[in-house]
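Here is the structure we will look at, set down as structure tokens.
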Amino acid sequence: MALTSDSLIDLLNHGYDCVIDVRSPAEFAEDHVPGAINLPVLDNEERARVGTIYKQQSPFLARKLGAALVFRNASRHLEERLSHHDGGWRPLVYCWRGGQRSGSFAWMLGQIGWRSEVIEGGYRTYRRLVNRMLYEDVLPYRLVALDGFTGTAKTDLLHRARDLGAQVLDLEGAAGHRGSLLGGMAGGQPSQKAFESELAGVLCRFDPARPVLVEAESSKIGERIIPPTIWEAMKIAPRIELRVPLEARTQYLVRAYDDILSDGETLTHKLSFLRAHRGGEVVDGWNAMIDAGDKAGVTRALMAQHYDPSYLKSRKAIGVEPAEVLDLPDLSEPVLADTAARICEMLERMG
């Protein structure tokens, strides 16, 4: 049996107990169905070896070796990762195209007595559905953008609103990046495909009748590109603008970016790329504050001389007036908690 789906939501609402990706670890690392576990029937080296034999010697020899490796690896998975499942377990299996790797593994599971099936067309089917949702169809969700200068705690408030029950699409979280020149995070960024899978998976869990809160971003977050259907919806999204005094933003960013501000050498290197844009004298001034260990000073200067002007320029180009404005005296815990609740109230009114 094979599972066929006409939409990504149908595929992700499969109803099986577990989704098993039997592709190689490298394939899985690049992208996979949300929630899938990786039980490779060929590891990276084995897959390359079988492929070489297929191309350079003969398909028959490649299939013979491949079968031996597949069932050897599958046997290990049965003895280790799958040994605890009872007779009622229902796994869903896929490989690259729904062919021999997933077919062989699912057949073996079926022979044991488990009600296993494969995804018709494998990962390629899943990927086509993701592409259709994020590159072709009109997004069936109404987005609301949380906007404001750098340091207005947008990401923090996004998470707080989610904890209060709002539907939130965390673009920076999915991209593994804080969305600026200094926004790199530990672990680096996922692949573009994995970024899109995360976004699509989250969207499929949302109620289209309720608004979805996103952080106002540019079209790229680090090296990851926001998919077209999301970006088009963001451009026309009503905006909730946060307004916070410069000094409060400075204090907040010194805490939030302490890892970057404490690494003077890396910070100086990153800021060197702004010389052509902001001028050598300005960048030299930043570097002097970095050398002096003045974290608040360099943070304040970066906002006043770089981030705030860039924000104003981009907002002028977009030409969108905020639907709501929230003036925050500071970014203390009570203020953030109250603001998150007010944002949720606004979302309900916008819905």
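The values are calculated or read from the model by the stated rules, or taken from the named source; none is laboratory data. What you see is a predicted model; the values in this text were computed from it and never measured. Note: ideal-geometry Cβ built from the backbone for every residue, glycine included; neighbour counts use all protein chains shown. Surface accessibility is based on the protein's heavy atoms, side chains included, excluding ligands, DNA and RNA. Shrake-Rupley method; radii C 1.70, N 1.55, O 1.52, S 1.80 Å.
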Principal axis lengths of the range 44-166 from Cα atoms, whole Å, largest first? 61, 41, 28
Taking 0.36 nm per intervening residue step and subtracting the Cα-Cα distance, what contour gain separates I236 from M185 on full extension? 15.5 nm
Using 11 Å as the cut-off for backbone N distance, which residues of the range 78-106 belong to the label zone defined by a point 7 Å from the Cα of R63 along Cα→Cβ? 100
Using only DSSP helix segments of four residues or longer, with each worth -39500 (n - 2.57), what per-residue ellipticity at 222 nm results for the chain after dividing by its residue count and rounding to 500? -15000 deg cm²/dmol
How much of the accessible area of the chain, in percent, comes from carbon and sulfur atoms when a 1.4 Å probe is used? 52 percent
How high is the relative contact order of the chain, in percent, with contacts defined as C-alpha pairs under 8 Å that are six or more residues apart? 17 percent
What translational D, rounded to a whole number of µm²/s, comes out for the chain from Stokes-Einstein when the hydrodynamic radius is the Kirkwood one over Cα pairs, at 20 °C and 1.002 mPa s? 92 µm²/s
Per residue, accessible area of the chain with a 1.4 Å probe, heavy atoms of protein chains only, in Å², comes to 49 Å²
Find the percent of Cα-Cα distances in the range 108-265 that exceed 28 Å, and round it to a whole number. 31 percent
Given charges of +1 on the Cβ of Lys and Arg and -1 on the Cβ of Asp and Glu, with all other atoms neutral, how large is the dipole of the range 178-222 about its Cα centre, in debye to the nearest 20? 40 debye
Exactly which trypsin sites (Lys or Arg not before Pro) in the range 1-92 are in a DSSP loop and have at most 15 other Cβ atoms within 10 Å? R81
Hey, quick one: spin label on R76, modelled 7 Å out along Cα-Cβ, who in the range 15-38 has an amide N within reach, i.e. under 12 Å? 25
Find, among the trypsin sites (Lys or Arg not before Pro) in the range 166-239, those assigned to loop by DSSP (not H, G, I, E, B) with at most 14 other beta-carbon atoms within 10 angstrom. R205
Please give the contour-minus-distance gain from A288 to K55: 0.36 nm per residue of separation, less the Cα-Cα distance, rounded to one decimal in nm. 77.9 nm
Output wanted: per-residue J couplings in Hz (rounded whole) for the range 190-206, from phi through Karplus 6.51 cos²θ - 1.76 cosθ + 1.60, θ = phi - 60°, x for Gly and Pro. x, 5, 4, 5, 5, 4, 5, 4, 4, 5, 5, x, 5, 4, 5, 8, 8
Of Q56, A2, G15, which is farthest on the positive side of the dipole of the range 1-84, counting Cα position, with +1 on Lys and Arg Cβ, -1 on Asp and Glu Cβ, and the Cα centre as origin? Q56
Per-residue HN-Hα couplings for the range 38-44, Karplus 6.51 cos²θ - 1.76 cosθ + 1.60 at θ = phi - 60°, whole Hz, x for Gly and Pro? 9, 10, x, 8, 9, 7, 4
What does a probe at N131 reach in the range 1-28, counting residues whose amide N is under 16 Å from the point 7 Å along Cα→Cβ? 7-8
Tell me, how many Å apart are the Cα centres for the range 264-323 and for the range 23-37? 38 Å
DSSP loop (so not H, G, I, E, B), at most 14 other Cβ within 10 Å: list which chymotrypsin sites (Phe, Trp or Tyr not before Pro) in the range 206-288 pass both filters. none
Rg/Rh for the range 174-287, where both radii come from Cα atoms and Rh is the Kirkwood radius: 1.02
Given H placed 1.01 Å from N in the peptide plane, which residues other than close sequence neighbours of V19 have an amide H under 5 Å from its amide H? I37, L92
Restricting the count to DSSP beta bridges whose residues both fall in the chain, what percent are antiparallel, rounded to a multiple of 5? 10 percent
When each of K154/K270; K193/K220; K220/K295; K295/K316; K235/K316; K154/K193 is checked by Cα-Cα distance, pairs over 19 Å: K154/K270; K220/K295; K295/K316; K154/K193
